[in-house]
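Inspection log for the structure reproduced underneath, given as structure tokens.
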């Protein structure tokens, strides 16, 4: 078992599994956000549940943060290692001839998503932690919808969110589909899995963009 | 056909190399790429200059010796061919062509365009074989029934000629397509399953020790492979490796 920790395949599988976990989280996050388009009460109820449930707060939230940090740290470590496997670069390199832009630039789309996460944490997560655990304010189950709309008043912030979701889509277009290959799934169902993964990679970010624009124009 | 060749020249493994320009006239479109380099070398020799060193052997797409990164792609712009099978009709009069060695730290340059690909040999030696008991009880391999699909997939994997185009094409200089083909050709057959767990662990460990990069599933290796080795082999190797590691 000791060899597996250092092996290239183990790292690849770890990247895939942490990525799949984040994809699942993304779907859950999107589902809750989508309720804000249809019902203020439903959004407040779901947000209040997620924000106050001890299982979510003290088990799932730390696991999620670990997953995010692990995925990014491992991504950077692999990028550095991979770059160092070819010290002398090609004078002419035609990467576009045999691989998609998304697959060759995961590090850049990943950095863009990481930068967005910084903004997103600054906008929502940090104020939420301060509100609940530093200032220890009383629970107000109806405050979430108003806070959400307030954040999307700014056209600059709304635009930044939209651009970030485009990078998320580019990241997912390669990452989600290829994670199945990494964990060893390449069989007669792969074509269908690839189609589903690519549809997901476009639909979810587009959905997030729609929600951001909806609240910007309806606040 | 008149061309401007931009060729990597490097005196030896320790020297620093550089791209040198060579204008070349009189190239015919029916020449193979290696014949075009032969013409250049004849001209260089006649001028008393050092000819360009490049690997080649069978010149019929079987041996895997001819390498060359041509205009940013291993074996050039054509698909499922080695450099010896690449013809000058793929280029146009007046073209500038970059010719470089396959680049990877695990493939050090020996001289000019020739690289040392013995890292592949060491991966193969680590486990890419089937041990046969020759005590007198040897069973004919054909006596064991094999599923046709598995036999076909094993044969496809075995067509890998170890040219290194997969490493050269990969942005990470990963050798996973080569290693996975060598793992698969045995893993798919009953004769190879006896040593399957040890084989995959030893070959992956050797691949990592050689300093190849990690696979990020860009698929460039599959596109550039002259034998069309499929990415399915990498998925199979991942399964084999995980299974072997978990079982201990």
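The values are calculated or read from the model by the stated rules, or taken from the named source; none is laboratory data. This is a predicted model, so every value here is computed, not measured. Every residue, glycine among them, receives a Cβ derived from its backbone with ideal geometry; neighbour counts consider all protein chains shown.
The residue of segment B:109-134 that is surrounded by the most Cβ atoms within 10 Å (Cβ to Cβ), among those that are assigned to a loop (DSSP other than H, G, I, E, B) and in contact with a helix residue (DSSP H, G or I) (Cβ under 9 Å, 6 or more places away or on another chain), is B:113.
Listed residues A:119, A:114, A:148, A:172; which is touching a helix residue (DSSP H, G or I) at 6+ places or on another chain (Cβ under 9 Å), in a helix (DSSP H, G or I), closer than 16 Å to residue A:205 by Cα and away from chain B (no Cβ under 14 Å)?
After ruling out the rest, the residue left standing is A:114.
All of (1) surrounded by fewer than 17 Cβ atoms within 10 Å (Cβ to Cβ); (2) within 14 Å of another protein chain (Cβ to nearest Cβ) hold for residue B:23 with one exception: (2). Scanning segment B:59-87 for residues that are crowded, with 20+ Cβ neighbours inside 10 Å, touching a helix residue (DSSP H, G or I) at 6+ places or on another chain (Cβ under 6 Å) and touching a residue at least 60 places away in the same chain (Cβ under 8 Å) gives B:66, B:69, B:73, B:74, B:75.
Can you say whether residue B:241 is away from every other protein chain (no Cβ under 11 Å), in contact (Cβ under 8 Å) with a residue 24 or more places away in the chain and surrounded by 19 or more Cβ atoms within 10 Å (Cβ to Cβ), as far as the supplied structure shows?
Judged against the criteria, residue B:241 is not a match.
Going through segment A:84-111 one residue at a time, which ones are touching a strand residue (DSSP E or B) at 6+ places or on another chain (Cβ under 7 Å) and either in a helix (DSSP H, G or I) or touching a residue at least 40 places away in the same chain (Cβ under 8 Å) (or both)? Matches in segment A:84-111: A:97 only.
Considering only segment A:122-145, state which residues are in contact (Cβ under 8 Å) with a residue 60 or more places away in the chain and part of a helix (DSSP H, G or I). Listed by number, the residues that qualify are A:128, A:132, A:144, A:145.
For the condition crowded, with 20+ Cβ neighbours inside 10 Å, over 18 Å from residue B:199 (Cα atoms) and either modelled with pLDDT under 95 or touching a strand residue (DSSP E or B) at 6+ places or on another chain (Cβ under 7 Å) (or both), what is the one hit in B:165, B:141? Write out each step before concluding.
Working: B:141 fails: crowded, with 20+ Cβ neighbours inside 10 Å.
The conditions single out B:165.
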